[in-house]
Amino acid sequence: MSDLSVDLNADPATLVDALGSLSESQTETVLRGPSGDAVLDELFARMRDSFQPEKAKGEDALVQFVLNGGPGGATRVYVLAVRGAACELTVDPPGGTAPGGGRTVTITTDRVRLVRVVTGQANAAKLYLTRKIKIDGDLKFGGQVVSWFGVPSEN
């Protein structure tokens, strides 16, 4: 797929479905473009909807994703709050991050890097070691938490 074949006017669900097959440059074009926030909103809604409570084992946890690199350099915050078998999503909570409760981990990175990790195109551990992903909180717990969510395709 060339950069010219990315339809930036496609609906967010279609763009999320395509993320796994896009190059890094194409992913950047999508996420920094006018529909970038809507694409991330759809991606995180899918993560929420694919929460696997059996992996969380009754944890009470707050997983915050602070994603920079948006249009005009904007930062967007996504919070997945896990309580028992339920998962709730909050986008851009007042104050920038959600209040703690239970275990909290904050993952800070560029939106393109996060998408590449979620779609299996980049290694989170390598990005952490090269300081391209920052994890505040319990590192071991942070690594486990991400595995609680999938990103199912709408195909």
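Before moving on, here are some points about what is shown:
- Beta bridges per DSSP, both residues in the chain: antiparallel share near 70 percent.
- For the chain, averaging the sequence separation of C-alpha pairs within contact (under 8 Å, six or more residues apart) and dividing by the residue count gives a relative contact order of 25 percent.
- Residues listed by number, segment 75-93, amide nitrogen under 11 Å from residue 140 label point at 7 Å toward C-beta: none
- Residue-count net charge about residue 59 - beta-carbon cut-off 11 Å; Lys, Arg +1, Asp, Glu -1: +3
- Counting only Cβ charges, +1 for Lys and Arg and -1 for Asp and Glu, the dipole size of the chain around its Cα centre is about 720 debye.
- Option label - semi-axes √(5λ) of the Cα gyration tensor in Å computed here, alternatives [x] 34, 19, 16; [y] 25, 16, 15; [z] 37, 24, 9: [y]
- Whole-percent carbon and sulfur share, accessible surface of the chain, 1.4 Å: 51
The values are calculated or read from the model by the stated rules, or taken from the named source; none is laboratory data. Quick caveat, the model's predicted, so the values are computed rather than measured. Every residue, glycine as well, gets a Cβ built from its backbone with ideal geometry; the counts of neighbours run over all protein chains shown. Just so you know, the surface numbers come from the protein's heavy atoms only, side chains and all, with ligands and any DNA or RNA stripped out. Shrake-Rupley method; radii C 1.70, N 1.55, O 1.52, S 1.80 Å.
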